[in-house]
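The values are calculated or read from the model by the stated rules, or taken from the named source; none is laboratory data. Treat the numbers as computed from the prediction; the structure is a model and nothing was measured. Note that we place each Cβ from the backbone using ideal geometry, even for glycine, and neighbour counts take in every protein chain shown. To get the accessible areas, we keep the full protein, side chains included, count just its heavy atoms, and leave off ligands, DNA and RNA. Shrake-Rupley method; radii C 1.70, N 1.55, O 1.52, S 1.80 Å.
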Amino acid sequence: MSFLQPIALFGFILVIAPILIHLLNRLRHRRQEWAAMRFLLRASEKSSRSTKLRHWLTLLLRMLALICLTLLIAQPVFHQGESWLSFTGQKPVTLVCVLDRSASMERIAKGTTSSLRKLSLNNILSLSKKQDSGRIVIFETTDSPPLIINQKLALDSPSIESFLGPTDTSANLPGTLKNVFGWLERESISNARICIFSDLQSSSWKLSQNAITLQELARDLEQRKGKWKLQLCPLETTSLINRSIYLQPQKRTPNFLIERSQIGEEIISIEIQSEATKSYLDLNLTSARTILNSSLISAFGKDQNWLSLSLPDDLFLFDNKAYLTLSRSNSTVSAISAENERIERILSAATQNKEGKKPMIKKLKNASTDSDWNHFDLWLLQGNSSILSEPSIQAFIDEGGTVLHFPSTRDGDAIESERNLIDSDLFSVTQWNENQGILANSSSGHSLPFSFLKIKKRQTPLEGEALAFYQDGKPFLTKKEIGKGIIYSFSTLPLETWSNLEDGFVLVPIIQRILSTTETLSRINFYACGSEDAKRFQNAVSITGDKSETPFFHAGIYLKNGKYFAFNRPALETDPERISKKEMESSILSEHFEWQSDPNLTALSQNSENWKLFLLLGILLLLAETYFSLPAAHKHKQAVHEF
Amino acid sequence: MSKEAKQPFDLIDRAAVSRFTGDPLIGTFPMEGSVSGHHRSNHKGSSVEFAEYREYSPGEDPRRLDWRVMARTDRLFLKEFEAETNLRCQFSLDCSRSMSFGETGSKFDYGKKIIATLAYLFLLQGDAVGFNLLGSRKRSALTAKRNPVHLQTLLQLVQDAEPNQEQLLIPSLHDLAESVSMRALFVIVSDFLDEPSAIMKAIHHCRDRKHEVVLLHLFDIQELEFIFTHPTCFVDLEDGQSILTEPSEIRKEYLFQLEKHISFLRSECLEAGSFYYKLTTNIPLSEGLDAFVSDRNSSARR
C-alpha cells in the first residue's frame with residue numbers, strides 16, 4: 001500500500017485525541033452534593049461492566065473513525081496481490097500513455113468529427129485529470145523520447161500538437177511497448193498503468209512477426225504481479241467512403257496504387273503536380289484497386305525533379321497524396337578512386353557512360369572526407385576494404401549509391417586471405433548466373449566471355465551474394481545490398497600481374513551493366529516516413545517552405561544538398577485490416593492485460609475510488625459511535641416519562 | 001418555596017389551607033380520644049351511629065337497655081352506638097442531612113411546610129397534634145395536644161429544626177412507636193434513604209402499637225430525573241463519601257434502583273395497612289397533599 005498524500009499520515013496522531021478529550025472531561029467534572037447516594041452506588045456497581053464495555057467500544061470507534069479520516073486524506077493506493085497491511089514504500093502509480101501516432105490514426109473516429117489521434121489525446125487528458133499524483137508519461141510510436149507531463153494542464157495547450165501532432169509514419173506498437181517496459185525498468189518505476197491508444201491496425205502490430213516480443217511483454221507483466229498493468233483502449237473509425245493513393249514499394253519502377261472502398265464505376269480527377277506544371281488526369285475507376293504504372297510517371301515526369309499525385313478530397317485527407325522524385329539526368333555520373341593509377345585509367349575507360357561522359361577522378365586518400373559524393377551515383381573504389389567504412393562512403397551507400405570495389409594491390413594488406421599463384425595454376429571463372437543480373441546473357445543469347453578470363457592472383461571479395469564462382473567454388477564477384485545502396489566486390493584487379501581483366505571483354509560489360517542498373521535506381525528517390533532512412537534527412541527542407549515539416553514525420557518532397565527526395569507514408573497505413581480482441585488477448589497472455597473499451601474506466605479509477613471506501617467506513621463508524629452514545633439519552637427520556 | 005420563612009406561621013401554606021379547609025381529615029382506624037370528635041373510637045358511645053345489640057350483663061348501666069326489644073322478646077339487650085372521639089396526630093420529620101438536598105428548596109423545608117400546614121388543619125378540626133424530629137439525639141418531641149395555642153409551640157419547634165443530624169431514622173421510628181402509648185396517627189415526613197426492610201420493620205412496629213401510619217416520601221426533582229450531562233463527582237450528604245461517574249451511563253440503573261425502592265415501600269405499606277405518598281418538592285403543597293387529603297376524606301365517607 002502506498003499513499004498519494006503521505007504527509008497526511010501525521011493525522012494518526014489525532015487518534016489519541018479521544019483519549020485526551022476523555023481524560024480532560026474527567027478532569028473537568030462538576031461536584032454535586034447528593035442525597036440518594038445508595039442508589040447511585042448500587043447503579044454504579046451494576047452498570048459498571050456494561051458501561052465500561054460500551055465506553056471502550058465508543059473510544060475504539062472514535063479512534064477508528066479518525067484513522068479512516070486520516071486514510072481518507074492520505075489516499076492510500078492498493079496494489080494487486082499485495083496485503084492491505086503491507087506498508088512498504090510504494091510509489092504512486094505512473095500513468096504511461098502509449099499513443100499510436102501512425103498515419104492511420106488521422107482517420108475520423110466513430111461517432112465524432114475528430115481524428116482518432118485527437119480522440120486519444122482527449123482520453124489521455126481525461127485520464128490525467130483522474131491522476132491525483134504520480135507522473136504522466138506519453139510514449140508514441142515515432143520513437144521520440146518519452147514526454148513526461150508534470151503539469152496536467154499542459155495537455156490542454158495547443159502546443160501539444162507540435163509534440164503529438166499528425167504524422168505520416170507507420171507504427172510498431174510491440175516495439176514501442178518494449179521501449180516503454182525498458183524505460184520503466186531503467187527508471188525503477190514500480191507501479192505503472194500503461195494505456196495504449198491505438199486503432200489496432202494490423203500493420204501497426206504485426207502480431208505474427210512480434211509474437212516473441214509480445215510474449216516477453218506478457219512475461220514481464222506476470223513477473224510484476226500486477227504492479228504494471230497493461231490496458232488497451234481500442235479506437236474505432238467510422239466506415240465512410242474513402243479513396244487512398246500510395247506508392248508501391250517496387251525496387252525498380254514504382255507504381256501508384258489507388259484504392260477505394262466504394263463499389264461501382266467512378267470517374268475522378270487526379271491532380272498531378274510537378275516542379276513546373278500542374279495537370280489533371282481523369283481516371284475511370286472501375287474496380288477497388290487501380291494501378292498507375294511507370295509509363296504514366298514517365299509521361300508526366302519528363303525533365304521534372306518530382307511529382308505529387310493528389311486524389312480529390314474525401315473525409316480522410318491523410319491518404320490522398322503520394323510523392324515521387326525523378327532524376328533530371330538520364331545518365332549515371334560516376335567517380336573513381338584508386339590507389340593505382342593504371343587501374344584508375346583502365347576503370348575510367350570502362351566506366352564511360354552512354355553520353356560519353358567520363359567519370360570523375362577522386363583521390364583515394366580524400367575519399368573519406370569527400371562531401372561531394374551526392375553528385376554521382378556509381379563509385380569505383382580500389383583499395384583496402386576498410387575504406388568502405390569511411391563516413392562519406394557509408395553515407396553514399398545509404399543514400400542509394402552503388403560501389404564497385406576492387407582489392408588492394410598491396411600484399412598482406414587485405415583483410416581477407418590472399419594467395420599468390422603461379423602461372424601454371426591460373427584461376428578461371430566457371431559458374432555465374434546466366435539468366436538474370438549483371439552477368440546475364442545478352443538479349444541475343446550470348447554469354448559473357450568468362451572462359452577467356454585468366455586470373456593469376458585473387459583475393460577474397462567482400463562478403464555478400466556471390467554472383468560468379470571460380471572452379472574451386474570460391475567467389476569471383478559478390479554483391480551486397482546495404483540500405484538502398486549496393487556494393488559489388490571483385491576478387492581480382494585489372495592488372496597484368498593479377499588477371500587479364502584489363503582486356504575489357506569481361507570488365508566493360510559488367511561495369512556498363514552496373515551503370516545501367518544504377519541509372520534506373522538513381523532516377524527515383526523515395527522513402528517512407530518514419531523509416532530509418534528518413535532519420536538521416538533531418539536537415540532536409542520541404543519544398544513547401546514549411547519549416548515544421550520534417551521528412552521523418554510528414555510526407556512530401558524535400559530538398560537536401562541540391563537533390564530532391566520524396567517521402568511517402570508507408571503503404572500499409574491504408575490497410576483497413578484490424579486486430580480482433582481475441583487475437584490480441586491470445587498474443588498477450590497475461591491476466592494483467594486488459595481490453596478496455598472505455599478508457600475512462602481504467603484501473604486508475606481504482607485508486608481514486610479508495611477514498612470513497614474510507615469515507616463510507618468513517619461514516620459507518622461514526623454512526624456506530626452515535627448508536628452507542630444516543631440510546632442512553634433516548635431511554636433517559638423514556639424513564640422520565642414513567643414518573 | 002425559595003423564600004425563607006421568617007415567622008413560624010409563614011410555614012403554613014395558605015393555598016393549601018384555603019383548598020383543604022372544610023375537608024375532614026379523618027383517621028382510617030378507630031382512635032382513642034379524650035374528647036368527642038369526628039373520628040371513630042374503639043369504644044361504644046352515645047352518638048347517632050348504631051353499632052350493635054349486645055346481651056345485658058348484670059352491673060351494666062340499665063339506661064342503655066333497649067326496652068322495646070325486652071317488651072317483645074322478654075330478653076334484655078343493650079343497644080350500642082359508635083363513639084366518636086378526637087384524633088392524635090403525631091408529625092415526625094426526618095432531620096438527617098440528606099433532607100437538606102434540593103436545588104431550589106430543600107426537602108427539609110418542604111417537610112416543614114407540610115407539617116405546619118397539616119398541623120393547622122388538624123387543629124382546626126379539633127384534633128390533637130404533636131411533633132418530633134426523627135434522628136435527633138436531643139429531646140425534641142412535642143406531645144400531641146388539641147389546644148390551639150399549642151400550634152404556636154409546634155410551629156416554633158418545626159421552624160427551629162435543622163437537618164444536620166446523622167442518619168438515625170430507624171431507631172427513631174422504633175422509639176416513636178414505643179413513646180406514644182395511645183392510638184395515634186403518625187405522619188412521617190422523610191426521604192426514607194435507608195434500608196427499606198428496616199424501615200418497614202419500624203412501620204410494622206408502629207402498626208403493632210395500634211398506630212395509623214402515613215409515610216410522606218419527599219423527593220427533589222433532580223433525584224427523580226437524574227439528568228446530568230457531564231462527568232460528575234457526587235458527594236454523599238450523609239458521610240461525605242464521593243463517587244466520580246458519567247451520569248448518563250448509570251442513569252438507567254439509578255432510576256431502576258430508585259423505582260425499586262419506592263415500589264417496595266409502597267407495596268409493603270399497603271400490606272401493613274399504612275399509607276404511602278410520594279411528594280416532589282417542586283410541586284405546590286396544595287397539589288402535593290391532594291392525594292393525602294382525598295384519602296382522608298374517603299375514610300370519612302366510609
Inset, instruction - Please state, rounded to one decimal and in Å, the Kirkwood hydrodynamic radius that chain B gives when every pair of distinct Cα atoms enters the mean of 1/r. - result: 21.0 Å
Inset, instruction - Given the options B:E80, B:E52, B:E268, state which has the largest fluctuation in a GNM of chain B using a 10 Å cut-off (strictly under) for Cα springs. - result: B:E52
Inset, instruction - Specify the residue with the greatest mean-square fluctuation among B:Q257, B:Q159, B:Q90, computed from a Gaussian network of chain B linking alpha-carbon atoms under 10 Å apart. - result: B:Q257
Inset, instruction - Just grab the label-to-label distance for A:E161 and A:L615, each label 7 Å out from Cα along the Cβ direction, in nm (one decimal). - result: 3.8 nm
Inset, instruction - With N denoting the number of residues in the range B:147-283, provide Rg(C-alpha) divided by 2.2 N^0.38 Å, to two decimal places. - result: 1.21
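Need the full-extension length gain, B:E287 to B:F264, defined as separation in residues times 0.36 nm minus the C-alpha distance. One decimal, nm. All intermediate terms of the calculation are to be shown ahead of the outcome.
On the way: separation 23, 0.36 × 23 = 8.28 nm, distance 2.41 nm.
Gain in length upon complete extension: 5.9 nm.
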Inset, instruction - Can you tell me the FRET efficiency between A:Y627 and A:K129 if r is taken as the Cβ-Cβ distance and R0 is 41 Å, rounded to the nearest 0.05? - result: 0.60
Legend entry - Degrees between helix B:290-301 axis and first principal axis of chain B (Cα, 0 to 90, nearest 10): 10 degrees
Legend entry - Part-to-part distance (alpha-carbon centres) for the range B:260-298 and the range B:196-229, which is given in Å: 9 Å
Legend entry - Cα-centred dipole magnitude for the range B:132-209, charges only on beta-carbon of K, R (+1) and D, E (-1), debye, nearest 20: 460 debye
Legend entry - Distant-in-sequence amide H partners of B:T280 (H built 1.01 Å from N, under 5 Å): B:F219
Legend entry - In nm, spacing of pseudo-spin labels at A:K46 and B:E271 (7 Å Cα→C-beta vector): 1.9 nm
Legend entry - Note, ³J(HN,Hα) from phi for the range B:238-252, Karplus 6.51, -1.76, 1.60, rounded to Hz, x at Gly and Pro: 7, 10, x, 5, 10, 9, 9, 8, 9, x, 4, 7, 9, 4, 4
Legend entry - Magnitude of the charge dipole, chain B, Cβ model with Lys/Arg +1 and Asp/Glu -1, debye to 20: 1320 debye
Inset, instruction - Quickly work out the A:S261-to-A:L24 label distance, labels modelled 7 Å from Cα along the C-beta direction, and quote it in nm with one decimal. - result: 7.1 nm
Inset, instruction - Pairs of Cα atoms under 8 Å, at least six residues apart: use those to get the relative contact order of chain B, whole percent. - result: 20 percent
Inset, instruction - For A:T141, list long-range residues whose amide hydrogen, built 1.01 Å from N in the peptide plane, is under 5 Å from its own amide hydrogen. - result: A:L99, A:R101
Legend entry - Unsatisfied cross-links (Cα-Cα over 25 Å) in the set A:K229/A:K582; A:K321/A:K484; B:K145/B:K278: B:K145/B:K278
Legend entry - Long-range HN-HN contacts of B:N132 with modeled amide H, under 5 Å: B:F91, B:S92, B:L93, B:L142
Inset, instruction - Have a look at B:S100, B:V213, B:F226 and report the one farthest towards the positive end of the charge dipole of chain B, computed about the Cα centre with Cβ charges (Lys/Arg +1, Asp/Glu -1). - result: B:V213
Legend entry - Nearest-0.05 FRET efficiency for A:K454 and A:R410, computed from C-beta distance (R0 22 Å): 0.50
Inset, instruction - Quick one: what are the phi-derived ³J(HN,Hα) couplings along the range A:181-188, Karplus 6.51/-1.76/1.60 with θ = phi - 60°, whole Hz, x for glycine and proline? - result: 5, x, 5, 4, 5, 5, 7, 6
Inset, instruction - Can you tell me the relative contact order of the range A:179-283? Whole percent, Cα pairs under 8 Å, sequence separation 6 or more. - result: 21 percent
Inset, instruction - Find the sum over both chains of the accessible area lost when A and B are paired, probe 1.4 Å, and report it in Å² to the nearest 100. - result: 3400 Å²
Legend entry - Gain on full stretching of the segment that runs from A:A349 to A:S144 - 0.36 nm per residue minus C-alpha separation: 68.9 nm
Inset, instruction - Report the extension gain between A:R342 and A:S208 in nm, rounded to one decimal, defined as 0.36 nm multiplied by the number of residues separating them, less their alpha carbon distance. - result: 42.8 nm
